[in-house]
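Novice: Got a structure for you, written out below as structure tokens; questions coming shortly.
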Amino acid sequence: MAERLLLTADRLVGGGVDRTVRSHHRRRLRGVGWEHALDAPPGGWAGGEPPPRAGNDLSILIDGAAALRAMVEEMRRAQSHVHLTGWHVSPDFAMTREGEPVVVRNLLGDIADRADVRVLLWAGAPLPLFRPSRRAVRGVQAALTHRSNVRCALDARERPMHCHHEKTIVIDDRVAFVGGIDLTHLAGDRLDSQAHPARAQVGWHDAAARIAGPAVADVAESFRVRWREVTGEALPAPATAGPAGQVEVQVVRTVPNGIYASLPRGDFRIVESYLRALRSARRLVYLENQFLWSPEIVAVLADKLRNPPAADFRMLLLLPAKPNSGEDDSRGQVGALLDADGGAGRFLACTIAARDRERSDPVYVHAKIGIVDDEWLTIGSANLNEHSLFNDTEMNVVTHDAALVRATRLRLWAEHLELAEGDVGGPPSELIDRRWRPVAREQRERQAAGRPLTHRLVELQGVSRHTGRMLGPIDGLLVDG
């Protein structure tokens, strides 16, 4: 009887927290005219500006070795300018390491001898309890600009307890990179390959998008707006590139209300795009993300599991074994989704590890990728938490190009399943049931027994207590003014 009463009280408390967080976000967005982002109907494209742009080339670059090399190659081709935003930059970070390393400070300094190089970084945490600190970021600014033509501005117009988190590079208004990869070794080495070899340190799984074509101007315009807000300097309007491919691309952002004079109401089209796409899901939801805290997102996911749109509907999540915030909050929401699934076998959450014979190291899942039905794809800097969806500056790109979406999923699944792409082309539900689940469960059992891993995939389990599940949303509420 006592245990039953405890469980009942636990559900009431947990449910109350969930409702409080969602109500708070709704009131806030209603106050600035953005409530429609939470109520958007099924679809995928977000409303408003900028709209989807046709005529782009969009390449998905998986893991740091490939993405960082592509960034170096494009930046070295710069003729007019390189404009870069980031959460943090390490001046001594080596973006490539074959032969003579390509180091961030040297690369940008060399380019700045012939082209305009501007770097816009978060100014750092006001309290030295968090990293990077204001003092550390000022040191980065000094290192990048010392005996160099590089210009570096620090954006301190963050909401309390939040940051500027987007990661973009614009080169000559011709090519742009948007994704999750910061040019830093803070908290982990971003240069890792799809092979994820055991390195006696935490590995790093991440992704970025390379854009060429008209959508580049939208990335460039966002940089121009932020640079003017921070420095007072007006840059020329970006040039609009001509068609470079056949892919339609939309640039979507989170900009909190009240931090920039030119965007007083903010911009919340990342959460709008996610909610539209997830509500439209019929067969597959596949998410790779650093966090799964958002009660708005989890509510839609849970509804899909309770009311599956088809018998072969599946939901697959790839998350870190433990987010680097210090609390394993995402596991709580995994528990909520397992409950919603009710043992039907439609839901699976996994993480990945690097292994070498008897040894294994965790691989930190830092990618922010969403795929729905092989018809919708988003990639960028936004995590599925309150910080990224409501409070930090973020940028994602979205496409409905079915061929590109499916090809991206196959590449990711081949990497994680340690198979050739030709072996992962079957129906997603069958691959999840016959490949993902048995392998991941076996590795979880081996890990629990202290035995060496024989595969990269490891199943994630959720916590059982509802109140324990709400650590992430509570964190978001406490720091979301």
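Novice: Looking at region 62-75, can you tell me whether even one residue there is without any contact (Cβ under 8 Å) to a residue 12 or more places away in the chain and not in a loop (DSSP other than H, G, I, E, B)?
Specialist: So far as region 62-75 goes, yes, one or more of its residues are without any contact (Cβ under 8 Å) to a residue 12 or more places away in the chain and not in a loop (DSSP other than H, G, I, E, B).
Novice: Report yes if some residue within region 312-320 is modelled with pLDDT of 95 or more, among the charged types (D, E, K, R) and touching a helix residue (DSSP H, G or I) at 6+ places or on another chain (Cβ under 6 Å); otherwise report no.
Specialist: Checked against the condition, which is being modelled with pLDDT of 95 or more, among the charged types (D, E, K, R) and touching a helix residue (DSSP H, G or I) at 6+ places or on another chain (Cβ under 6 Å), region 312-320 yields at least one hit.
Novice: Can you tell me how many residues in region 182-192 are modelled with pLDDT under 95 and either outside any loop (DSSP other than H, G, I, E, B) or hydroxyl-bearing (Ser, Thr, Tyr) (or both)?
Specialist: Adding up the residues that qualify gives 0.
Novice: Hey, another quick one. Can you tell me which of (1) at pLDDT 95 or above; (2) of a type in the set (Phe, Trp, Tyr); (3) over 20 Å from the mean Cα position of the chain (by Cα) is the one Phe130 doesn't meet?
Specialist: (1)
Novice: Are any residues in region 94-116 under 26 Å from Leu235 (Cβ atoms) and within 24 Å of the chain's Cα centre (by Cα), and if so, which ones?
Specialist: Met95, Val104
Novice: Filter region 172-197 down to residues that are farther than 27 Å from Val251 by Cβ and open to solvent by 30 Å² or more (accessible area, probe 1.4 Å), then give me how many there are.
Specialist: 4
Novice: Would you point out which residue out of Val72, Val119, Val82, Val103 is open to solvent by 20 Å² or more (accessible area, probe 1.4 Å), closer than 24 Å to Arg147 by Cα and of a type in the set (A, V, I, L, M)?
Specialist: Numbers: Val72 fails: open to solvent by 20 Å² or more (accessible area, probe 1.4 Å); Val119 fails: open to solvent by 20 Å² or more (accessible area, probe 1.4 Å); Val82 fails: open to solvent by 20 Å² or more (accessible area, probe 1.4 Å).
Matching residue, one of Val72, Val119, Val82, Val103: Val103.
Novice: Find the helices (runs of 4 or more DSSP H) located wholly in region 370-469 whose residues include 1 or more that are out of contact with any Phe, Trp or Tyr (no Cβ under 6 Å at 6 or more places or on another chain) and either modelled with pLDDT under 95 or within 20 Å of Ser360 (Cβ to Cβ) (or both), and list them.
Specialist: Values: elements: 402-417, 428-431, 437-448, 466-469.
Output list reads 402-417, 437-448, 466-469.
Novice: So which strands (runs of 3 or more DSSP E) stay within region 245-340 end to end and still have 2 or more residues that are open to solvent by 10 Å² or more (accessible area, probe 1.4 Å) and either polar (S, T, N, Q) or in contact (Cβ under 8 Å) with a residue 60 or more places away in the chain (or both)?
Specialist: Working: elements: 247-255, 284-288, 314-318.
Output list reads 247-255.
Novice: Can I ask one more? With the requirement that a residue be in a loop (DSSP other than H, G, I, E, B) and in contact with a His (Cβ under 6 Å, 6 or more places away or on another chain), what does region 89-131 give you?
Specialist: Initial filter on region 89-131 (in a loop (DSSP other than H, G, I, E, B)): 89-93, 97-101, 113-115, 123-124, 126-131.
Scanning region 89-131 gives Ser90, Phe93, Ala115.
Novice: Next up: Pairs, please: C-beta under 7 Å, at least 6 apart or cross-chain, first residue basic (Lys, Arg) and at pLDDT 95 or above and in region 94-107, second open to solvent by 30 Å² or more (accessible area, probe 1.4 Å) and in a loop (DSSP other than H, G, I, E, B)?
Specialist: Short answer, once both residue conditions are applied: Arg97/Leu191; Arg105/Asp92.
Listed here are the residues, each with its yes/no results for (1) touching a residue at least 60 places away in the same chain (Cβ under 8 Å); (2) touching a Ser or Thr at 6+ places or on another chain (Cβ under 7 Å); (3) closer than 30 Å to Gly266 by Cα.
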{"site": "His146", "(1), (2), (3)": "no, no, no"}
{"site": "His164", "(1), (2), (3)": "yes, yes, yes"}
{"site": "Ile171", "(1), (2), (3)": "yes, no, yes"}
{"site": "Ala207", "(1), (2), (3)": "yes, no, yes"}
{"site": "Ala220", "(1), (2), (3)": "yes, no, yes"}
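The values are calculated or read from the model by the stated rules, or taken from the named source; none is laboratory data. None of these values were measured; they are calculated from a predicted model. Ideal geometry is used to build each Cβ from the backbone, glycine not excepted, and the neighbour counts take in all protein chains shown. Quick note on the areas: whole protein, heavy atoms, side chains included, nothing else; ligands and nucleic acids left out. Shrake-Rupley method; radii C 1.70, N 1.55, O 1.52, S 1.80 Å.
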